[in-house]
1. Being assigned to a helix (DSSP H, G or I), over 21 Å from Ala373 (Cα atoms) and among the aliphatic types (A, V, I, L, M) is true for just one of Ala263, Ala234, Ala259. Which residue is that?
2. If I filter segment 168-191 for residues that are in contact with a Ser or Thr (Cβ under 8 Å, 6 or more places away or on another chain), modelled with pLDDT of 75 or more and under 30 Å from Ile295 (Cβ atoms), do I get at least one hit?
3. Mind listing whichever residues of segment 43-94 are crowded, with 22+ Cβ neighbours inside 10 Å and of a type in the set (Asp, Glu)?
4. What single numbered condition from (1) modelled with pLDDT under 85; (2) more than 20 Å from Ser76 (Cβ to Cβ); (3) surrounded by fewer than 23 Cβ atoms within 10 Å (Cβ to Cβ) fails to hold for Gly162?
5. Take the residues in segment 379-389 that are buried (at least 16 other Cβ atoms within 10 Å of the Cβ) and modelled with pLDDT of 90 or more; name whichever of them is farthest from Gln306 (Cα to Cα).
6. Please pick out the residue among Ala93, Ala87 that is over 26 Å from Gly271 (Cβ atoms), assigned to a helix (DSSP H, G or I), of a type in the set (A, V, I, L, M, F, W, C) and touching a residue at least 24 places away in the same chain (Cβ under 8 Å).
7. Within the set of pairs 6 or more residues apart or between chains, which connect a residue that is free of Cβ contacts under 8 Å to residues at least 60 places away in the same chain inside segment 101-116 to a residue that is small (Gly, Ala, Ser) with Cβ atoms less than 6 Å apart?
Amino acid sequence: MTTSTHTAKAAKGASADLRRLVASECASLSGSAVSTVALPTLAVLELHSSTTQIAALAFLGQLPNAVVALPAGALSDRYAKRPQMIAADLTAAGALATIPAAAFAEVLGIGQLYAVAVVLGITKVMHDSAAISYLAMLVEPDRLQHANSRLGAASSVADTAGSNAGAALVGAIGAARSVFVDVLSYLVSALLVWRIRTPEPAAPAEGRRSLSRDIREGLRYVVGQPTIRTVIAALSTLSFGLAIMNTYWAYYLLTTLGATPTAFGVIVGAGGMGSLAGALLTSRVTDRLGVGPVITTGFAVSPLAQVPLLLAEPGRGWQIVLAATLAVQLFWATAAGISQRTLRQILCAPEFQCRMQAASTTVTAGSRPLAAATAGALALVLAVPTVLATGTLIQVLPVLLLLNSPVRALRAMPTPPARPAVPPAREEAS
């Protein structure tokens, strides 16, 4: 076989595998979007959970980000990523399946939701640690933003469809039974990842290494990269403010603002449409405004978009306003998210990709358990709208950080470091 023929077949195989990875992420996200509607409805309206229990549920769901991300990233840089992704999907499916089973047996309680939230948090960290870095292996650096945009667009469609389906399913068959859709989505995701055939670069043979050493090495690398460090710091601060709000966002809509489960799903679905538009238009927006301004604008829109929620009152008119505002917020959040993720992937050396993503997860998503606990503590002495306002004010801080950094003036993606050679794909993989 000639070199050109082999290269063409390898490229064709990589393209097919990229489609499988995108489809896998979409399957998982569409099911999770159903659960995004079903689980809050189950906790608030069927189990009649208190504000403290809602905060505890949010806290436990986010806790694995702070505890598991760094070890997961080190392991992903050391071992093959596909088995980790498959195992995580299958474990998540098993955990979710216990919810409708317990509901059918009439033994479902908030304690089980706590346990499932912890398991789902762990599996998400394990899956995402491998999946985000695996994408950078399937495409060349100059195509990475396009691949991220494609993944973001497909994911937004899946998220929107899942949210709307979740609203319809909750109304038709109940919140607990709707969770079966998420179980199925994880099984489909695992199957699609199993079908990926692109080989991964072999890890360097350095003998038996300490996991803690790998973690420390990854953290030192991230701290030593100014742009990566700045973006992650901004992300973590924004995440903390949003997590304070998200602890009671669904609760506030479903109780104080009187939104029905269907209306709640429609609002979430509108946000998904905005996210889809942002994913589709990211390349055009960054070409016109520049990478740095898009990232900065995405962060700046977030606190502004919370103002209508703080002013809202019960009624369909305000629900329409909140849906439109969420669509705008997620348009810019998605454009900024794709841009900053691509920027970090391009700047990061290949051997540190998973650990860089894990460091970002630890300080970004890992701040959410503290935020949920903070929200719960504040709710004991303050009204929920005041807690939401506190989360909004915190979201201003990362904007100031980006405005005083080189990221603000960055117009184009930088030149990436060299990538390691990947062994040729097997003939049967093409």
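The values are calculated or read from the model by the stated rules, or taken from the named source; none is laboratory data. Quantities reported herein were computed from a predicted structural model and do not represent experimental measurements. Neighbour counts run over all protein chains shown; Cβ positions are idealised from the backbone, glycine included.
1. Unique residue meeting the criteria: Ala263.
2. Yes, there is a match, as at least one residue in segment 168-191 is in contact with a Ser or Thr (Cβ under 8 Å, 6 or more places away or on another chain), modelled with pLDDT of 75 or more and under 30 Å from Ile295 (Cβ atoms).
3. Passing the criteria: Asp77, Asp89.
4. (3)
5. Filtering segment 379-389 for residues that are buried (at least 16 other Cβ atoms within 10 Å of the Cβ) and modelled with pLDDT of 90 or more, the one farthest from Gln306 (Cα to Cα) comes out as Val387.
6. Selected residue: Ala87, the only one of Ala93, Ala87 that is over 26 Å from Gly271 (Cβ atoms), assigned to a helix (DSSP H, G or I), of a type in the set (A, V, I, L, M, F, W, C) and touching a residue at least 24 places away in the same chain (Cβ under 8 Å).
7. Gln112/Ala102; Val116/Ala95
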